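Student: Pasting in a structure now, in structure tokens, and then I'll have a few things to ask.
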Amino acid sequence: MTEKRNTYKAQKRTDYKAPNFTAVDIDLTFTLDDTHTIVKNVTTFKRLTSDTKAPLVLNGEDLKLNYVKVDGIEAKYKDVKNGIEISSVPDEFTVELENVINPSENSSLMGLYKSNGTFCTQCEPEGFRRITYSLDRSDVLAKYRVTIIGPEYGCGVLLSNGNLIERGTRKNRPYAVWEDPFPKPSYLFALVAGTFDIVSDTFTTMSRRKVALELYVDRGSYDRGLWAMQSIKDSMKWDEDRWGLEFDLDNFKVVAVDFFNFGAMENKGLNVFNSVYVMVDPTCATDTAFYNVQSVIGHEYFHNYTGDRVTLRDWFQLSLKESLTVFRDQEFSSDVANRALTRLHAINVIRGPQFAEDASPMAHPVRPEEVMEMNNFYTVTIYDKGAEIIRMIHTLIGESRFKKALNDYLRKFDGQAVTIEDFLCCFEESAGVDLSQFRRWYTQAGTPHVKASWTYDEANKNLVLKLTQHTNPTRDQKEKEPFYMPIRLSFLDKDGHDVHPAELSSDGFIIFNENEQEYRFTLDKDTFPVILRDFSAPVKLDAPYTMEQLQHMLSFCDDAFIKVDCATTMQNRYVHDNLEIAAAEGVLREPAELIASYKSILDSVDAQSDLILINETLKIQSIANLMETFDKINIDAIKYAHDALETKVAVSLVNEFVQLYGKIKASSSNYSVTDMGRRALNNLALHMIAVAKCAMDKKTEASEIVFNHYNGSKNMTDKLQAMTDAVHLDLDCKSEILKSFEKDWSKDALVFDNFFRVQATVPNKSAIDNVKKLLSHPSFDGRNPNRVRALTGALALSNPVALNDISGEGYDLLCKQITELNDINPSVAARILTPLLSFRRLDEKRQGMILNNLNSLMQMPKLSRSIYEKVSTALK
Ligand code: PHE
Ligand code: ZN
């Protein structure tokens with residue numbers, strides 16, 4: 001038999017049709033069993049269309065159907081593509097049906113599956129149809145009543161959305177009944193059953209209501225859940241304080257599971273989390289992990305309003321809930337952790353992966369026009385660029401009008417499924433702004449390039465600032481219209497003072513919305529503009545600053561982004577200016593200006609300094625972000641110049657780093673924002689010392705100090721830094737540290753992921769051999785997405801040097817893994833495929849090798865829709 005080649009069709013945004021029916025009440029009974037779970041589904045439907053002949057079509061995938069009754073009578077149905085069709089139904093009726101599913105076999109982690117012994121569900125975007133037949137679309141909102149009968153072998157915890165109505169034992173099996181008072185789309189349904197430790201607490205809301213909080217974690221891991229519980233309470237409080245939003249149920253539950261495709265999921269009243277974003281304590285998790293737990297807990301909690309109470313009409317509107325919620329979680333982290341750090345992280349996501357996506361064949365507008373597989377659209381464009389768009393609206397209208405408009409939006413559309421257009425109209429009306437041209441941010445893909453230049457008009461004592469913008473064509477759109485953007489500005493005089501000319505509004509930004517614009521400011525001659533403060537628009541800025549001006553801004557500007565960006569710009573220029581010599585592996589000059597700036601920073605560091613900002617300024621940026629400053633990528637030359645830059649900085653300033661190391665000590669091993677800054681800077685010092693010693697033929701000394709660092713701290717941030725340096729710099733202490741780490745943590749999957757990640761991210765070819773070897777490590781598990789992301793995923797997404805090794809072995813290895821994952825978990829497979837799509841930016845030899853691999857992926861039997869969409873788009 002010859003296999004039929006898979007082709008899949010794209011859906012278009014403009015093809016949206018309102019549903020013919022809606023579901024009113026859904027009553028589900030789950031009789032749980034590892035391999036044979038029975039789902040009984042009783043749903044009342046109501047016809048919405050005037051076409052009385054329109055049949056009821058229910059979505060269902062990979063289900064075994066036992067029977068269907070309409071109003072109590074066995075009904076005839078027709079199998080249609082991914083579902084069933086029932087014709088001649090009345091205007092209001094009840095469907096009762098029963099189907100069987102196999103949670104143990106479900107490795108896609110969509111629908112109902114078993115994760116390390118726990119039953120759990122993932123329904124967004126279209127997983128509910130893998131649980132039972134339904135109108136599985138986000139504009140059908142129903143009330144749910146859920147009965148869960150535990151498996152025969154027993155199970156302590158049975159959870160679903162909303163309130164517990166009843167629990168007990170029936171025929172020796174535990175059961176529980178849950179009712180969610182809020183109508184919701186099927187993608188927000190959740191069920192969890194298993195054995196857990198429970199962290200309990202309460203939160204008293206602003207109207208003095210008591211909410212019961214419960215966090216479910218692995219048995220024996222109670223303490224690792226405490227920070228997440230604190231973060232839940234902080235999120236609830238912050239949403240009240242900043243936006244006046246009060247929690248709306250009597251209980252809020254969060255469950256940590258080990259097998260999860262993404263970060264976490266905002267199911268109404270029952271958030272389900274990848275355990276990475278819950279389980280932390282200082283000995284097992286880094287400061288960054290603590291920071292991320294707080295931010296992701298916030299994100300999912302904030303969805304309760306932006307996503308759950310007001311939901312999406314269709315999946316093309318995904319950014320409506322995600323961008324607004326990312327904006328909200330960023331503001332939360334800014335207010336409760338650190339504003340500059342949060343902003344700098346967000347900007348790095350835009351300038352790294354998001355700019356890469358904009359330049360790739362999968363580039364898409366924040367509101368896409370065509371989608372084949374929705375799982376492919378949980379992207380940095382939809383999430384993070386979307387959040388930058390919300391941030392621009394916030395800049396344009398200011399905090400108080402934004403707050404009013406957000407509340408108007410949530411009130412106006414409460415309980416409804418709406419569109420980005422609804423959101424924009426509501427904001428226009430409420431805040432009194434015209435966003436018509438601004439809407440292009442939602443319709444045009446691609447990164448705008450903004451060029452700035454300025455001259456001085458002596459006669460009028462005017463600084464004349466000229467801005468131009470241009471956006472490269474993307475596959476879907478050849479012509480781009482100018483974007484409407486706020487450009488935050490300030491001016492620095494020669495003494496480093498801020499000067500505010502009369503022409504600049506007190507908000508400190510100008511509107512730039514044409515291809516070319518000129519602005520005049522009355523200023524003294526040697527004053528110059530500081531452009532795009534706080535990264536006020538997600539663009540690539542090209543401004544002709546001299547090195548002296550960059551140094552001047554770095555010293556005197558009060559904007560965190562500008563400070564760090566001056567250092568970044570100096571680094572970029574060094575790499576660009578030296579690329580040809582680097583390509584020939586020649587001798588590169590010293591980065592003198594950067595070293596001078598760094599020296600003055602290092603000379604003045606003390607306990608009072610803003611250590612987080614200093615650390616961010618001193619960091620040498622990643623090769624991945626450097627790559628995004630080029631159109632065509634010469635990976636070998638970029639790597640060579642990057643390493644030369646880092647080594648030269650490290651060697652020139654080795655005394656300063658030695659001075660710094662150990663000088664600023666964390667007050668304890670616990671997480672706090674202050675100690676995070678202290679540890680970060682100390683660890684940067686360690687890294688630079690190790691790099692310098694290696695370059696100075698003192699590798700033994702490097703090994704010694706790194707080994708002592710590893711053994712001298714109980715804190716995982718410190719240990720991981722030492723392990724990374726030992727492995728990446730191939731120090732003598734490498735195998736001893738790896739052995740000790742394996743001995744301490746091999747039983748602890750989340751922590752042990754680091755063992756895989758560190759070895760997969762060695763920035764040279766040896767990483768490929770490491771990955772090959774570790775694929776057969778006894779604790780490698782291709783069904784655990786965290787493990788896959790820590791090994792193959794790290795090679796693909798965090799190690800451009802090894803992945804693109806000229807031998808082609810990186811590509812072959814990745815594609816072999818993708819082929820295996822295609823059957824196991826297409827969503828994870830499609831994600832780690834991403835870097836290969838941009839093959840046209842590489843040299844011809846690499847292009848050819850990737851092309852071969854992509855072509856053979858296309859030949860794969862049972863090619864998943866996720867991979868088909870990405871590869872076929874790239875090959876077009
Ligand atoms: N909606 C989730 C979030 O961003 C992401 C997610 C999507 C999780 C699909 C699982 C599956 O908060
Ligand atoms: Zn989200």
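Student: Using r as the Cβ-Cβ distance of Glu548 and Thr455, and R0 as 30 Å, what FRET efficiency do you calculate, to the nearest 0.05?
Tutor: My answer for the efficiency is 0.95.
Student: How large is the dipole of the chain about the Cα centre if only Lys and Arg carry +1 and Asp and Glu carry -1, each at its Cβ, rounded to the nearest 20 debye?
Tutor: It comes to approximately 1660 debye.
Student: Count the net charge of all other residues whose Cβ sits under 15 Å from the Cβ of Lys466, scoring Lys and Arg as +1 and Asp and Glu as -1. It would help to have the intermediate numbers written out before the result.
Tutor: Numbers: positive: Lys451, Arg520; negative: Asp457, Glu503, Glu514, Glu516, Glu518, Asp542.
Here the count lands on -4.
Student: Quick one: compute the contact order of the range 80-229, relative version, from alpha carbon pairs under 8 angstrom and 6+ residues apart, as a percent.
Tutor: Details: 251 pairs, mean separation 28.3, N = 150.
With pairs under 8 Å counted, the relative contact order is 19 percent.
Student: When only Cα pairs under 8 Å and 6 or more residues apart are kept, what is the percent relative contact order across the chain?
Tutor: Relative CO of the chain lands at 9 percent.
Student: Mind running the shape call on the range 141-290? Use the C-alpha gyration tensor, a ≥ b ≥ c as the square roots of the eigenvalues: rounded below 1.5 for a/c, prolate if a/b tops b/c, oblate otherwise.
Tutor: oblate
Student: Something else: Please arrange Phe93, Phe21, Phe45 by counting, for each residue, the other beta carbons lying within 10 Å of its beta carbon, fewest first.
Tutor: Phe93, Phe21, Phe45
Student: So if we plug the beta-carbon distance of Met206 and Glu701 into 1/(1 + (r/R0)^6) with R0 = 35 Å, what FRET efficiency do we get, rounded to 0.05? Can you show the working numbers first?
Tutor: Working: r = 58 Å, r/R0 = 1.65.
So the FRET efficiency works out to roughly 0.05.
Student: Enter the angle in degrees (range 0 to 90, nearest 10) between the Cα long axis of helix 716-728 and the first principal axis of the Cα atoms of the chain, meaning the one along which they spread out most.
Tutor: Between the helix axis and the principal axis of the chain, the angle is about 70 degrees.
Student: A further question follows. Just the number, please: percent antiparallel of the DSSP beta bridges in the range 418-549, rounded to the nearest 5.
Tutor: 90
Student: Efficiency by 1/(1 + (r/R0)^6): what FRET value for Lys599 and Thr288, r their Cβ-Cβ distance, R0 = 25 Å, to the nearest 0.05? Walk me through the numbers on the way to the answer.
Tutor: Values: r = 28 Å, r/R0 = 1.10.
Here the calculated transfer efficiency is 0.35.
Student: Restricting to the chain, what percent of DSSP beta bridges are antiparallel, rounded to 5?
Tutor: If we restrict to bridges inside the chain, about 80 percent are antiparallel.
Student: For Lys876, which lysines qualify as cross-link partners when the Cα separation must be under 26 Å and same-chain residues fewer than eight apart are set aside?
Tutor: Within the straight-line limit of under 26 Å, Lys876 reaches these lysines: Lys4, Lys9, Lys12, Lys385, Lys478, Lys480, Lys632, Lys816, Lys845, Lys862.
Student: Using a cut-off of 13 Å between beta-carbons, work out the net charge of the residues near Ala596 (Lys and Arg +1, Asp and Glu -1, Ala596 not included).
Tutor: Around Ala596, the surrounding residues sum to -3.
Student: Using the number of other C-beta atoms within 10 angstrom as an exposure proxy, rank Ile165, Ile297, Ile832 with the fewest first.
Tutor: Least crowded to most crowded, the residues run Ile165, Ile832, Ile297.
Student: Here is a follow-up. Within the range 504-624, how many Lys pairs sit with Cα atoms under 20 Å apart, leaving out pairs fewer than 8 places apart on the same chain?
Tutor: Details: Lys540/Lys563; Lys563/Lys599; Lys563/Lys619; Lys599/Lys619.
So the count works out to 4.
Student: Then there is this: If you take the square roots of the eigenvalues of the alpha-carbon gyration tensor of the range 435-592 and sort them as a ≥ b ≥ c, do you get rounded (a/c under 1.5), prolate (a/b over b/c) or oblate?
Tutor: oblate
Student: Counting other C-beta atoms within 10 Å, which of Leu803, Leu141, Leu731, Leu65 has the fewest, and how do the rest follow? Don't jump to the answer; show the numbers that get you there.
Tutor: Details: Leu803 21, Leu141 18, Leu731 25, Leu65 15.
Least to most surrounded, the residues fall as Leu65, Leu141, Leu803, Leu731.
Student: Percent relative contact order of the range 338-486, based on C-alpha pairs within less than 8 angstrom and at least six residues apart? Before the final figure, lay out the partial values.
Tutor: Numbers: 147 pairs, mean separation 38.4, N = 149.
Relative contact order for the range 338-486 comes out at 26 percent.
Student: Cα axis of helix 673-695 to longest principal axis of the chain: angle in degrees, 0 to 90, nearest 10?
Tutor: Helix 673-695 and the main axis of the chain meet at about 60 degrees.
Student: Quick one: net charge of Met206's neighbours, Cβ under 11 Å, K/R +1, D/E -1?
Tutor: With Lys, Arg at +1 and Asp, Glu at -1, the neighbours total -1.
Student: For the Cα atoms of the chain, what angle does the longest principal axis make with the long axis of helix 749-760, in degrees from 0 to 90, nearest 10?
Tutor: The two axes meet at around 50 degrees.
Bear in mind these aren't lab numbers, they're just calculated from the coordinates by the rules spelled out. Everything quoted here is computed from the prediction, not taken from an experiment. Neighbour counts are summed over all protein chains in view; Cβ atoms, including those assigned to glycine, are modelled from backbone coordinates with ideal geometry.
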